[in-house]
Amino acid sequence: MKDYIQVTLCLFVGALSQLPAKAIARQDTISYIQYIDQDSMQLRLRQYAIDNPMWLEKKVPQRYSLISMGYNSTSGDYHRAQDAQRVNTLNFSSEGAVTIKDVRLWGRFNYTRSVEDSTRFAHQTRENTSSPWYFGSYGYNHYERTTYRIQTRGQRYFADRKYAVFGGFDYQVANHFSNNDPRGSIRVAQLNGTLGGSMRIVKNVDIGLEGKYGYGQEDFEIAYKNGNSATSAVESPYMNYIIRGYGWKVSDWLLEQKMFYQNDMKRFGGKFYSSLNSSIGDFYGNVAYLREEQKYRQTLRNESRINELSQYNLNRLDYNLVWQLSTGNQTYMASLDWSSTRGKDQVTESGNAQNYVYQNDNGALNLSYMLAKKKWRHYYGGKIGLLNEIRRDGGTGTSLDYEHLNYQLNGAWTYITAANQEIELGLAGSLRQNIGTSWSLPLINENVFHQYVFYHDVLYNRANLYGSKVKLGFKQRLKKGNFIHLVADYNYQKAACLSDLNRENLAPIGTTRKQVNLMIAYGF
């Protein structure tokens with residue numbers, strides 16, 4: 001009975017305390033893993049098992065509970081044109097795991113509230129950034145975004161651990177709105193589920209298959225509190241535009257008065273797993289495919305009909321390989337990841353002609369080493385990554401293609417006192433090197449989108465970027481394995497090699513970006 005009470009509390013706290021797994025083309029959100037200790041291999045492996053539940057029982061502890069609260073402040077003039085100059089975010093997360101007989105269960109609830117003080121040309125969610133259809137104005141908007149996410153995972157073995165079933169679901173609801181003209185209102189609901197099975201084919205070798213299905217909706221509406229903003233024939237920062245493709249048809253309210261639409265989404269795909277346990281370490285690998293179909297439409301309630309706008313399809317392939325070895329007080333870990341996304345639209349009003357093409361390829365190699373002594377714990381890591389992104393718009397001949405190499409070195413040192421306290425210091429350095437940027441836009445096709453967004457982002461991506469980070473942490477161990485953990489870190493980035501485009505860029509770009517993170521957590 002005690003076990004059932006604990007799992008109920010775990011899921012309930014999780015339900016009161018993240019986006020669907022591997023959502024396509026989304027912006028990263030804050031998670032407790034980033035706050036607590038992004039240098040800890042055990043926490044990274046735990047999150048890896050949550051994302052790949054075939055290994056839930058192997059990498060997630062039998063029982064634990066964790067409650068954390070974090071605050072993030074990001075500011076600076078070096079940012080993408082459609083990002084905010086300053087963002088303040090509050091994050092609350094509660095998660096836990098429990099084992100009932102031979103069933104491992106895990107759940108998490110996450111609440112995030114962020115305030116963006118200056119968002120331009122982006123009446124859209126922060127998780128579907130490659131969208132070919134959205135609203136925008138070149139005047140700054142103050143946006144407030146609230147998101148609730150629930151995740152659950154489960155796994156059970158059968159027949160002396162020869163077979164297993166596993167799966168889970170991710171649910172999200174969100175509300176985003178701006179409180180100055182033009183007033184954007186965005187409502188989001190997403191649900192994704194997975195179900196899979198695995199089997200041991202020979203000793204120490206397992207394989208598995210997983211199916212995925214999900215659906216959701218993004219609902220958008222733009223209105224004005226001050227009616228004069230919508231009726232004035234004089235161009236002003238309050239004028240709202242519809243952006244189609246990558247700067248193709250950019251229309252103002254005089255031509256497009258039905259300023260609302262919804263994006264109906266469905267996703268399906270699968271994943272193949274394999275693992276090997278050997279004397280030279282444990283190997284985990286998977287290959288995943290996910291297709292997302294987005295249908296943009298206006299539901300004209302007064303006219304009892306639907307106005308089809310656009311169909312946007314995204315296809316994504318993910319490859320992953322992880323190796324981990326523990327020998328005595330030393331732990332080694334390496335991971336290789338690669339992701340490839342392809343997106344194409346079909347414009348309904350143009351006979352389903354294709355106009356917008358999106359491509360994103362990125363990968364990274366991570367190497368980590370940890371040495372745990374009686375009084376000291378040392379961690380060292382390195383990462384090298386490659387990112388290539390392409391956006392092309394046939395309607396205007398707009399094209400942006402850039403490629404970056406990313407390097408990072410980091411270290412963390414933890415001192416364990418006689419009072420069972422842990423004092424942490426972490427340092428990191430990073431470099432983003434631009435190895436190629438090409439762009440094109442016939443001057444005759446230039447419009448307000450290019451002047452405020454496109455030219456800004458060309459400069460943003462052409463720059464080299466240098467960064468550093470310092471982290472301080474304190475952990476107090478309590479009775480029965482409980483603990484209190486405090487973490488603070490500061491990140492600073494500086495851009496170099498910015499140059500002029502000889503075009504009219506109306507959104508000047510700066511050179512610095514800063515971020516402060518604070519976190520408090522209680523584990524039991």
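The values are calculated or read from the model by the stated rules, or taken from the named source; none is laboratory data. Please read all numbers here as calculations on a predicted model, not as lab measurements. Ideal geometry is used to build each Cβ from the backbone, glycine not excepted, and the neighbour counts take in all protein chains shown. These area figures cover heavy atoms from the full protein model, side chains too; ligands, DNA and RNA do not enter into them. Shrake-Rupley method; radii C 1.70, N 1.55, O 1.52, S 1.80 Å.
Rolling a 1.4 Å probe over the protein heavy atoms gives the chain an accessible area of 45 Å² per residue. Note that the stretch 143-156 has calculated 3J(HN,Hα) couplings of 10, 10, 10, 10, 9, 10, 9, 10, 10, 9, 9, x, 8, 9 Hz, one per residue in order, obtained from phi through the Karplus relation 6.51 cos²θ - 1.76 cosθ + 1.60 (θ = phi - 60°); glycine and proline are x. Each Lys or Arg adds one and each Asp or Glu subtracts one; over the other residues with Cβ under 12 Å from the Cβ of residue 150, this totals +1. With a sphere of radius 12 Å drawn around the Cβ of residue 168, what net charge do the other residues whose Cβ falls strictly inside it have (Lys, Arg +1; Asp, Glu -1)? After counting each charged neighbour, the total is +1. Packing, taken as the mean count of other beta carbons within 10 Å per residue, orders the peptides 147-153, 113-119 from highest to lowest as 147-153, 113-119. In summary, the lysines within cross-link reach of residue 469, defined as a Cα separation below 26 angstrom excluding same-chain residues under 8 places away, comprise 373, 375, 383, 494, 514.
The spacing between the stretch 193-211 and the stretch 393-430, judged by their C-alpha centroids, is 33 Å. Taking 0.36 nm per residue of separation and subtracting the Cα-Cα distance, full extension of the segment from residue 90 to residue 344 would add 88.0 nm.
Given charges of +1 on the Cβ of Lys and Arg and -1 on the Cβ of Asp and Glu, with all other atoms neutral, how large is the dipole of the chain about its Cα centre, in debye to the nearest 20?
For this selection, approximately 2100 debye.
For the pair residue 520 and residue 415, the difference between a 0.36 nm per residue extended length and the Cα-Cα distance amounts to 35.9 nm.
The ratio of the alpha-carbon radius of gyration of the stretch 175-220 to the globular-protein estimate 2.2 N^0.38 Å is 2.19. Rounded to whole Å, the principal axis extents of the Cα atoms in the stretch 137-234 read 74, 20, 19, largest first.
With bins 5 Å wide beginning at 0, the percent of Cα pairs of the stretch 401-459 falling in each bin runs 4, 12, 14, 11, 10, 9, 8, 7, 7, 6, 5, 3, 2, 1, 0.
In angstrom, the C-alpha Rg and Dmax of the stretch 465-509 are 21.1, 65.
Efficiency by 1/(1 + (r/R0)^6): what FRET value for residue 195 and residue 75, r their Cβ-Cβ distance, R0 = 30 Å, to the nearest 0.05? Please report the intermediate quantities before stating the final value.
Numbers: r = 43 Å, r/R0 = 1.43.
About 0.10, to the nearest 0.05.
Shape summary of the stretch 49-122, radius of gyration then Dmax from alpha carbon positions: 18.1, 54 Å.
Figure the gain on full extension for residue 359 and residue 329 (residue separation times 0.36 nm, minus the Cα-Cα span) and round it to one decimal in nm. Length gained between residue 359 and residue 329: 6.5 nm.
Can you pull the percent of the chain's accessible area that's carbon plus sulfur, 1.4 Å probe, other chains left in place?
Using a 1.4 Å probe with all protein chains present, the chain comes out at 57 percent carbon and sulfur.
One compactness figure for the chain is 1.02, namely its Cα radius of gyration divided by 2.2 N^0.38 Å. Toward the positive end of the charge dipole of the chain, with +1 on the Cβ of Lys and Arg and -1 on the Cβ of Asp and Glu, the farthest Cα among 482, 82, 193 is that of 482.
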